[in-house]
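Participant: Right, I'll just put the structure down here and ask away after.
Every number in this text was worked out from the coordinates using simple rules, so none of it is lab data. This one's a predicted model, so the numbers in the text were calculated from it and none came from an experiment. All Cβ positions, glycine included, derive from the backbone under ideal geometry; neighbour counts span all protein chains shown.
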Amino acid sequence: MTDRSTAAILLLPPDGVSGTRKALSMSLWLAALAIPTLVPGYTPLANQMVVMILFALSLDLLVGFTGIVTLGHAALFGTGAYTAGILALRLTNDPLITALCGMAAAALVGLVTGSCMLRTKGLAFLVLSLAAAFMLHELANMASSVTGGDDGLQGVSFSPLLGVFEFDFRGHTAFYYSLACLFAAFLLVRRVVNSPFGWSLRGIRENDGRMRAIGCPIYARRLAAYVMSSALAGLAGALQAQTTQFVALNSLSLELSGDVLIMLILGGSGRLYGAFVGVPLFMFAQDLLAKEDPANWYLGQGLILMVMTLFVPGGVLGLVERLRRNLGRGGRR
Amino acid sequence: MEIKKSEWGGETMTAIVTVLFFGVAYGMILYLISVGLSVTMGLMGFVNLAHGVFAMLGGYAAVTLMNQTGMSLFAALPLACLAVTVVGFVLERTLYSRLYGRSELDQVLFSMGLILISMALVRLIWGPMAQPVQLPDYLKGQSLVGGIELPTYRFVLVAFGAAVIVALWVIFERTLFGARIRAAVDNRGMAQAIGIDTGRLFAVTFGLGTGLAALGGALGADVLAIAPNYPLHYIVYFMVVVAVGGLGSIRGPFIAALSIGLADTACKYLLPEMGSVFIFAFVFALLLWRPNGITGKR
């Protein structure tokens, strides 16, 4: 981001979206607000979904918009979670400060690893992303005096939000807090992907050779996207730590990196709302299938991936879009 | 890893021999499993994360044959190998071939799906626990070599692995089939233009690669435990061998696998509390220096 695009991100309005879509997305957000009142028992689950949507949204910026396929995105989520958790146990347990620190730590890890990894492409990048996440996982496992090792960080508690709203056992504060963060992140990501910078990311995804030829600083753009995505993943991790009061070693694992990728793909990548569709579907399916035997859930996930790649490229949202177009009721484009 | 120290050689000597021996055995298993992946990825450019699945299937097939039917190790190995080769060949023709030329993301997702499905099926058939290997009596226990006790089975493993590797190199370097593969790796279009049926070549190579992986998985069942999470648990190692060794090569992965086997064993012996962090830090640095691997173009 060496030119005017940074300024442009903040100034440009999002591109024209059809009225029905706007109404639909507005009503979705409003419906989310009503969850704790309508189905109070499900508030913690809804909070979990909101956190994962934020995480999947951060991955969409990489996979969907920039075309960077990573197998180690959990490294950044875990960095945010552990930063918030460790700070709360040792320094300060103010939720906003620890969340910001979680974001900053993840952005820093993203900057350091990304500035190395993004020099490579293809297989080398995939393996580097795996190796980086693996190293962080091992380090967190080894430094058990700080991280709690295999047991995770337990009993992490945070002071009331803004000094007023306590994190109660019903999870209402946690839910609204996560939702507010997700909304802010969503507005930011929407701005970014609709800015000239965002379009240059799509250009890099489609054909980086041509983008280079027309003078786009590819490495810098990809790194900027990577750091931004890292910060959001770190925020998701910090929210996870704050709202569940627990950080598990699992938050750095390859399994989580895989899960979030599946969630995004299920909804549809590169579409902004893919994460919002994919995460609930994934979690409902998990709830349905994993009850009997975890094997059923592996099978379900595997079949989702196979069917998605072979028959439904573009995920559920892509499918909806194609159906609309085929029915001739004029989806955009 | 249990390491017996003796009076005779001195502790340093014992340590060096032990690490060398276990490291070479480990490296050979890694090589047998990964070499097929390197060649098929070089041929087709397909990012196949699911190669470990075939090693796991080979392990399950061999262990089941031995434990259920009382078959000897050397009868079970080729049978397991053959069965998995057929599975690999069929999967290549029916599923993998649909995804050639698709985006890297699609290939990653597809092979992740294959990993998860295989994990589920294996878990449903054999249960969640690791499969114990029942070795015949003459392969159990330790052998005394130069005053150092080393497990007998690993000697068989190293000898058998070395024989297969020599055969593989002869095929790759000295036969027409090998020349065709090398030609297709170098320039697929040109290979097709002179009449090589690359589609068939891909399928046969893929089958052979999966067969080798099965052999590696079966032979190494006591090095890399046969359990449902196998393809996910060891994926980093297989991918690292291929990435460091370089695509489409059979020598590069050999050097990579042996180095990683030795280094990982040495690290775990000398600094058990540090685990594998050093290895991955080293791999990280190496891949930044040579993104296409040690045999690849800079």
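Participant: Name the residue farthest towards the positive end of the dipole of the range B:11-289 from the options B:Leu49, B:Gln142, B:Val63, assuming +1 on Cβ of Lys and Arg, -1 on Cβ of Asp and Glu, about the Cα centre.
Facilitator: Farthest towards the positive pole: B:Leu49.
Participant: In degrees, nearest 10, range 0 to 90: what is the angle between the Cα axis of helix B:277-289 and the longest Cα principal axis of chain B?
Facilitator: 30
Participant: Would you mind putting A:310-317, A:289-296, A:177-184, B:36-43 in packing order, based on average other-beta-carbon counts within 10 Å, highest first? Intermediate values should be presented prior to the final figure.
Facilitator: Working: A:310-317: 17.5, A:289-296: 14.8, A:177-184: 19.5, B:36-43: 26.5.
The peptides rank, most packed first, as B:36-43, A:177-184, A:310-317, A:289-296.
Participant: When Cβ neighbours within 10 Å are restricted to other protein chains, what is their mean count per residue of peptide A:128-137? Kindly include the intermediate steps, with their values, before the conclusion.
Facilitator: Numbers: counts 8, 0, 8, 12, 3, 2, 11, 9, 2, 3.
Mean partner shielding for this stretch: 6.
Participant: Amide H to amide H, which residues 5 or more places from B:Ser103 or on other chains are under 5 Å from it, using H placed in the peptide plane?
Facilitator: So B:Ser103 has HN proximity to no qualifying residue.
Participant: So, in nm, how far is label B:Val90 from label B:Leu271 when the simple model puts each one 7 Å beyond its Cα toward the Cβ?
Facilitator: Calculated label separation equals 4.7 nm.
Participant: Here is a further query. Applying 1/(1 + (r/R0)^6) with R0 = 30 Å to the Cβ-Cβ distance of A:Leu327 and A:Leu38, what FRET efficiency is obtained, to the nearest 0.05?
Facilitator: Numbers: r = 32 Å, r/R0 = 1.07.
Working from the Cβ atoms, E equals 0.40.
Participant: If you don't mind, another one. Across the range A:68-84, in residue order, what do the Karplus-derived ³J(HN,Hα) couplings come to in whole Hz, using 6.51 cos²θ - 1.76 cosθ + 1.60 with θ = phi - 60° and x for Gly and Pro?
Facilitator: 9, 9, 10, 10, x, 5, 4, 4, 7, 4, x, 4, x, 5, 5, 4, 4
Participant: Let me ask you something else. Place a +1 charge on the Cβ of each Lys and Arg in the range A:5-251 and a -1 charge on the Cβ of each Asp and Glu, then give the dipole magnitude about the Cα centre in debye, rounded to the nearest 20. Write out the running numbers ahead of the final one.
Facilitator: Values: 14 positive and 10 negative charges, 198 e Å.
Computed charge dipole of the range A:5-251: roughly 940 debye.
Participant: Further question: Sort the following peptides by mean Cβ neighbour count (other Cβ atoms within 10 Å, averaged over residues), highest first: B:87-99, B:205-217.
Facilitator: Details: B:87-99: 17.8, B:205-217: 27.5.
Peptide ranking by packing, descending: B:205-217, B:87-99.
Participant: If you take every residue apart from A:Phe311 with its C-beta less than 13 Å away from the C-beta of A:Phe311, what net charge results, scoring Lys and Arg +1 and Asp and Glu -1?
Facilitator: On the way: positive: A:Arg322, B:Arg98, B:Arg102; negative: B:Asp106.
Neighbourhood net charge equals +2.
Participant: For the range B:253-270, what does the Karplus curve 6.51 cos²θ - 1.76 cosθ + 1.60, with θ = phi - 60°, yield as ³J(HN,Hα) per residue in whole Hz, taken in order and with x for Gly and Pro?
Facilitator: x, 5, 4, 4, 5, 5, 4, 5, x, 5, 5, 5, 5, 4, 4, 5, 7, 7
Participant: Under 5 Å between amide H atoms, partner at least 5 residues away or on a different chain: which partners does A:Gly270 have, H built in plane at 1.01 Å?
Facilitator: Under 5 Å from the amide H of A:Gly270: A:Gly64, A:Phe65.
Participant: What size of dipole, in debye to the nearest 20, comes out for the protein assembly as shown about its Cα centre when the only charges are +1 on Lys and Arg C-beta atoms and -1 on Asp and Glu C-beta atoms?
Facilitator: Working: 41 positive and 31 negative charges, 518 e Å.
Magnitude of the dipole: close to 2480 debye.
Participant: Cα to Cα, under 19 Å, and not fewer than 8 places away if on the same chain: which aspartates and glutamates meet these conditions relative to B:Lys140?
Facilitator: B:Glu2, B:Glu149, B:Asp222
Participant: A follow-up question, please. Averaged over peptide A:293-300, how many Cβ atoms belonging to another chain are found within 10 Å of each residue's Cβ? Walk me through the numbers before you get to the answer.
Facilitator: Working: counts 4, 5, 11, 3, 2, 13, 8, 3.
So the per-residue partner count for this stretch is 6.
Participant: Compute the Cα gyration tensor for the range A:5-251, then decide on rounded, prolate or oblate, letting a ≥ b ≥ c be the square roots of its eigenvalues: rounded whenever a/c is under 1.5, prolate when a/b is larger than b/c in the other cases, and oblate in all that remain.
Facilitator: oblate
Participant: Between A:Leu281 and A:Arg212, what length in nm is gained on full extension when 0.36 nm per residue of separation is reduced by their alpha carbon distance? It would help to have the intermediate numbers written out before the result.
Facilitator: Details: separation 69, 0.36 × 69 = 24.84 nm, distance 3.84 nm.
Here the answer is 21.0 nm.
Participant: For the pair B:Arg102/B:Asp137, report the inter-label distance in nm, with labels modelled 7 Å from Cα in the Cβ direction.
Facilitator: 5.3
Participant: Which is farthest toward the positive dipole end of the range A:220-333 among A:Gly314, A:Leu239, A:Asn296, measuring Cα position about the Cα centre, with Cβ charges +1 (Lys, Arg) and -1 (Asp, Glu)?
Facilitator: The listed residue farthest towards the positive side: A:Gly314.
Participant: For the range B:185-298, state what percent of all Cα-Cα pairs lands in each successive 10 Å bin, counting from 0 Å until the bin that includes the largest distance.
Facilitator: Histogramming the range B:185-298 at 10 Å steps yields 12, 34, 35, 14, 4, 1 percent.
Participant: Determine ³J(HN,Hα), in whole Hz, for all residues of the range B:68-78 in sequence, where each value follows from phi through the Karplus function 6.51 cos²θ - 1.76 cosθ + 1.60 and θ = phi - 60°; x replaces Gly and Pro.
Facilitator: Karplus values, whole Hz, x for Gly and Pro: 8, 9, x, 5, 6, 4, 7, 8, 5, 4, x.
Participant: Of B:Ala159, B:Thr205, A:Leu45, which is farthest towards the positive pole of the protein assembly as shown's charge dipole, taken about the Cα centre with +1 and -1 on the beta-carbons of Lys, Arg and Asp, Glu respectively?
Facilitator: Of B:Ala159, B:Thr205, A:Leu45, it is B:Thr205.
Participant: Roughly how big is the range B:63-156's charge dipole about its Cα centre, with Cβ charges of +1 (Lys, Arg) and -1 (Asp, Glu), in debye to the nearest 20?
Facilitator: Values: 6 positive and 5 negative charges, 32 e Å.
Here the range B:63-156 has a charge dipole of around 160 debye.
Participant: Determine which aspartates and glutamates satisfy two conditions relative to A:Lys121: a Cα distance under 17 Å, and not lying fewer than 8 residues away in the same chain.
Facilitator: The reachable aspartates and glutamates, counting only those whose Cα sits under 17 Å from A:Lys121, are A:Glu206, A:Asp208, B:Glu104, B:Asp106.
Participant: Residues of B:118-131, mean number of Cβ from any other protein chain within 10 Å of their own Cβ, rounded to a whole number?
Facilitator: The per-residue average across the peptide is 3.
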